[in-house]
1. Going by how many other beta carbons lie within 10 Å of each one, how would you line up 72, 66, fewest first?
2. Would you kindly state how much longer the chain becomes between residue 34 and residue 19 on full extension, computed as 0.36 nm times their sequence separation minus their alpha carbon distance, in nm to one decimal?
3. Quick one: if you stick a label point 7 Å off each Cα along the C-beta vector at residue 26 and residue 73, how many nm between them?
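Values in this text are rule-based calculations from the coordinates and carry no lab data. This one's a predicted model, so the numbers in the text were calculated from it and none came from an experiment. No Cβ is skipped: glycine too gets one built from the backbone with ideal geometry, and neighbour counts run over all protein chains shown.
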């Protein structure tokens, strides 16, 4: 086996914290989702279209975090 073939044996981990009945808007992408040992989560989202780039998708996007993570409690 060559060094570059290691990915064939990689088993991706699954994350079930996101509610499967909720989806991000079509003009939004999830860039980072990382949970730390202290229970805090780093979430980075990106809007995929610039102003005026597309008639339908260059609009404001809203993400409902409580629907995205229904079992996560807000920490202050």
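1. Starting with the residue having the fewest Cβ neighbours, the order is 66, 72.
2. Numbers: separation 15, 0.36 × 15 = 5.40 nm, distance 1.60 nm.
Contour length minus the Cα-Cα distance gives 3.8 nm.
3. 3.9 nm
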